[in-house]
1. Could you check the simple spin-label distance between PHE32 and ASP718, using points 7 Å along Cα→Cβ, in nm with one decimal?
2. How much length would be gained if the chain were fully extended between TRP218 and VAL99, taking 0.36 nm per residue of separation minus their Cα-Cα distance, in nm to one decimal?
3. Heavy atoms only, probe 1.4 Å: what % of the accessible area of segment 97-164 goes to carbon and sulfur, would you let me know?
4. Work out the length of the dipole vector of segment 140-296 about its Cα centre, built from +1 on the beta-carbon of each Lys and Arg and -1 on the beta-carbon of each Asp and Glu, and round it to the nearest 20 debye.
5. From largest accessible area down, sort TRP522, TRP809; use a 1.4 Å probe on the protein chains.
6. Ignoring ligands, DNA and RNA, how do HIS346, HIS205, HIS803, HIS300 rank by accessible area with a 1.4 Å probe, largest first?
7. Checking the a/c ratio against 1.5 first, then a/b against b/c, what shape does the Cα gyration tensor give for segment 153-312?
8. Please give the FRET efficiency for PHE904 paired with PHE210, using the beta carbon to beta carbon distance and R0 = 51 Å, rounded to the nearest 0.05.
Amino acid sequence: MAFKALSPRHIASSITTRIANFKAATQSKDAFLKCLQTRDSEESGSWSWTNEDLLPTPSEKRTWRSRNYIFFYSSLAMDNWTLGSSMIGVGMKWWQAIVAIFIAQLIAACASALNSRCAEMYHIGYPVVARSVFGSYGAYYAVGARAVLACIYYSLKLYAGSSFVVNMLQAVFEKSFTSIPNDLPVSLGFTTQQMVAFFLFWLCHIPFVFLRPNQLKWLFTLKMCTMVPAMVGLFIFCMVNTHGRLSTDHLTSAVPVSSTSWLFMYAINLSLGAHSTLITNQPDYSRWSKKPWSSIWTQHVFWPTSVTIAASFGILSTAAINNAWGLKLWNQWDLLTAILNRYPTHSVRFAVFLCALMWTILVLGTNIAANMIPLGADLAMLLPRYMNMVRGQVAGLFLAWAICPWNIYASAATFTKFLSGYGLFMGGLTGVMIADYYLTRGNLFLEHLYDGKKTNANYYYSRGWSIQAYIGYVCGLAIGFPGFCGNLGAKVSTTARHLGYLGWLLSFSVSIFVYVVLCLIWPTQNQRVIRDMGLKREEKVLGYGDFDLDFARSGGLGGEAGEEDVSQDGKEVKMEMKIRENKYTEEYVMRALEEIANGVSIRKASLDYGVPRTILQSRLYGHESHREAAAPLQRLTPTQEKRLTDWRILAVRDTTTLGKRWIRGFLKRNLILRTKKQLRIDSTRVNSATTDIIKPWFNKLEVPEVKAIKPANRWNIDEAGITEDQGVNGLVVGSKNRRFIQRKEPGLKAWTSFIKCISAIRVALTPLVIFKGKTVQQQWFPTTLDIFEQWQFTSTKNSWTSHDTALEWLSKVFIPRTAPQDPKEPRLLILDGHGSHETTEFLYNNNTEEPTSYNSIKEVGLVWSENISLVSWGTPRVARDIRIQAETITRLGESDLPTRRQLFRKITKGFEEKEYALAQAELRIKQLEAQIDQLEPRKRRKVQTSPNSKFADIRAVEEAQIKAGDRGIDEEDSDSSIESTATSNCIEVQDS
């Protein structure tokens, strides 16, 4: 959650970790470069094609629902007061501006929705979508062009927000702020007061550059809740103050337009150009969608409506105030300044302060969503090995100063020229992206989007560039480019200038038309692959859950795609029909490759065996098949899966193989079963916890002396442990009436023991943890020790409870911590029958003032000593071990059933281990290699304990970690607190 990411504890922990990593990185050049590398980026090679922000969004981060998109798009749309006001500034009537804005935003909503579909289905951002369309290297221009525009808009929004900060400072400090002398040159167009406000608003962005969109949902909700009252309140003030009298006749147009119709087209293009980045940015927002269509329908409904309402408020308010007060205002911060100057009262100052504060929050959220997030995503793609989204957002924060946005805001004409002009470059990019997604029937090969090699059969195109995509883009750009130059001051014809007024709309439409026609005649490499594979509408979407990066780097789905030029004669049409019906098998593929090796052409082998040439070419490049590439990533190896299938077939005596959804269907058919957590428990306890053994034990609780003891004074002690082997609890199928299923395992594993004690009213004592070793070592503990407060730690030779350990636990933990308010009340401690609990010192402890009859409770203890094998068996490794064990069981006779069961279990296990050894070896080696790379040895350091106790508390562990350098000293810790902790267990000697 975002709040967790902003919590002081989280920030302090993150800073401490980063400082420690930086110190380690400064030891060498290689270590420093490795420290700079982003997560999930490729460490080998001269270039990386991946990092964590370029990969598809994992399922746990797809948290945006329809309501989140409603607040998101509505709050973004509300930041369009200036759009309507600027149209009045270029000479339009107020009703003309409203109509133009509504028409433009309907077009923008349709384009945005079409551009959202790809990211909503595959959960990838704009940079990766651009790779699929423009090629592995061609995408760099598409991303770079957007990055430039995002950076410029980022600084412009910073300036707009700083203007509201000026309003707040003026409302609070009045003349103390406005009388600050201006030491900046007048030609700069920037005063000292504005510089201070710009810096303060810039500081407000710093916490947000470290967050990603899935952590910012709350911000857009806050924007919507604060913006509505601010905007409505300002609009009502303007209408009431001016009695609703509107007029724009005294404002002159700064744009040379020959007719009203071209002015209207110019206004539509102006509105589209202002949102050209938002239309292009849609994949960066839709990738976080939890369900399909969540971001699409919300755009259609809420975007045009909200933009029109916000712009209408701006238009009407500006027209009314300019007419009544004789001003020429076109932005709202100037309007707030005029209100302060006209009504310098305390109540007005307070109202202006609140209004400016709410507008500042709006601009802050808009700048983050529309500019900062896309800029971070673009820079993460331009330099993926060393730049991720967060670092890109930090870079944009500093680049904002270099843009000098105050020069752009010098006049309405300059601002509108910029908005209308640069949209020309973005419209073509969006048009080609939308057209390509629907030409490919919505099918993307995700694994190939992170492969920039020549062997990439889908997206390498012509040396990494898609010629068809750039032809369509250039055609859309070229028609309106002369008008763009004329709008900036160049001498062009009237026709060219009129085409420039169409800007984004012309570029978007022409690029789609040219690209579609061109691809129908000359399809791209990827489009031919999809056509030959016969993929249906968005069929590839069904094959992707959470994206597997290692799978993609290992070759993906076997590269079952390639470059070919197929002519449609009768034989090839027949071959295509076979392919679409999936009538070729792996055997046919191998036979076709054998024919090719003997000199047969790829085309002839493809026709003879019905295997697509794309697959044959990819196999010749060395790609694996889908099944072979995915085998190392499966939970079960092929050998294990075959054995599981054979077991099921033999069990039911049929020849039907298991289906993909067999387990799911099996559970639906048997409602008494359900997947449950599996709790592993030692075989000794399973054999001893039978009904015949446990039932007589409860009769001992009916003793009058025991029944008289209060439930709060009845305690049960047990010794449990944590395995140090590979034993893990999992899900198994069992009765739905049970919370978990126990699984019996041989008791031949090493354990870290702990003594736990709980009362009949569910009050538990903090445990005593017993490690295996001579002393307690600090490296056994994590650096975060808060949860271990008041725990006790010790060590023994075999990690079991010893006589001394049990006795000290009884006298120093149990007796003092369970003392009742009335010392005369008896207590009951039920033992587990462990050998250390049966000693005379433990049962008749005279080290306390308690009566010995209190400790003498062995008669109600439960001893786990029955139904245990008389011989300790080991798993046979060779045939000689089996012969020895068979001779042993022959001597024991047939009476010892537990021993016989243990023997056959071990023999069965030996055969299973041999059978699975080869299948698991390769996977196990890879797992160990990954573990070795991740593990870094920590320094050994003994945990010092008090000379009067064997137990170590958490403070002693913390001090050992500090001395070993694995932990820093917390600021809240003081020397006095450490000293008092170190001496808390010592004997204090006082003078009499």
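The values are calculated or read from the model by the stated rules, or taken from the named source; none is laboratory data. Keep in mind the model is a prediction, meaning the values are calculated, not measured. Cβ placement follows ideal geometry from the backbone for every residue including glycine, while neighbour counts extend to all protein chains displayed. Heavy atoms of the whole protein, side chains included, go into the accessibility calculation; ligands, DNA and RNA do not. Shrake-Rupley method; radii C 1.70, N 1.55, O 1.52, S 1.80 Å.
1. 5.7
2. 39.6 nm
3. Taking all protein chains in place, segment 97-164 shows 82 percent carbon and sulfur surface.
4. 700
5. I get TRP522, TRP809, largest accessible area first.
6. Output order, biggest surface exposure first: HIS346, HIS300, HIS803, HIS205.
7. oblate
8. Between PHE904 and PHE210 the formula returns 0.30.
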